[in-house]
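Structure first, commentary second.
The values are calculated or read from the model by the stated rules, or taken from the named source; none is laboratory data. Because the structure is predicted, anything quoted here is derived from the model rather than measured. Every residue, glycine as well, gets a Cβ built from its backbone with ideal geometry; the counts of neighbours run over all protein chains shown.
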């Protein structure tokens with residue numbers, strides 16, 4: 001019984017003992033020849049990316065992910081005082097935008113700015129968490145986490161000591177991360 005579409009192999013007329021066989025359409029049928037070369041094995045897959053390597057920001061991107069800017073902690077505090085706090089809005093936007101472009105993860109600059117304007121109390125927690133996430137994705141210990149935001153919440157009212165401690169820890173960790181990847185500043 002021959003299935004539909006399958007070729008029936010029949011021996012050639014007058015040559016029943018021969019190994020050469022043909023199909024009903026008189027085409028040579030494939031034979032298993034021991035002398036045929038064995039095809040080479042498939043090429044090995046690309047090596048895995050090391051844990052410390054920069055990850056491209058978006059799928060399909062070529063080359064290393066963009067690095068962020070190193071911001072002096074003292075200059076940032078001074079600019080925040082001189083601009084009556086408006087520099088902090090810029091800092092949230094710029095740093096979250098850089099982290100999103102670098103890792104492809106996080107809330108990004110636009111959403112960070114909106115949150116800073118309308119739910120500012122949440123931003124120390126969000127920022128510290130995202131900076132810690134950069135380290136975690138590289139397989140390193142997180143120097144800051146969302147819990148670091150408690151400095152701003154619990155001691156922020158006391159002459160801004162908690163806010164300063166939070167900012168020194170978070171901005172310092174972010175600067176150290178960018179420096180570990182080769183950023184200058």
Inset, instruction - Within region 132-139, identify whether any single residue is more than 21 Å from residue 69 (Cβ to Cβ), buried (at least 19 other Cβ atoms within 10 Å of the Cβ) and at pLDDT below 95, and answer yes or no. - result: no
Inset, instruction - Identify, from the list 151, 157, the residue that is farther than 19 Å from residue 98 by Cβ, loosely packed, with under 14 Cβ neighbours inside 10 Å and at pLDDT below 90. - result: 157
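From the list 92, 87, pick out the single residue that is out of contact with any strand residue (DSSP E or B) (no Cβ under 6 Å at 6 or more places or on another chain), without any contact (Cβ under 8 Å) to a residue 40 or more places away in the chain and crowded, with 20+ Cβ neighbours inside 10 Å. Working first, answer last.
Working: 87 fails: crowded, with 20+ Cβ neighbours inside 10 Å.
One residue alone meets the criteria, 92.
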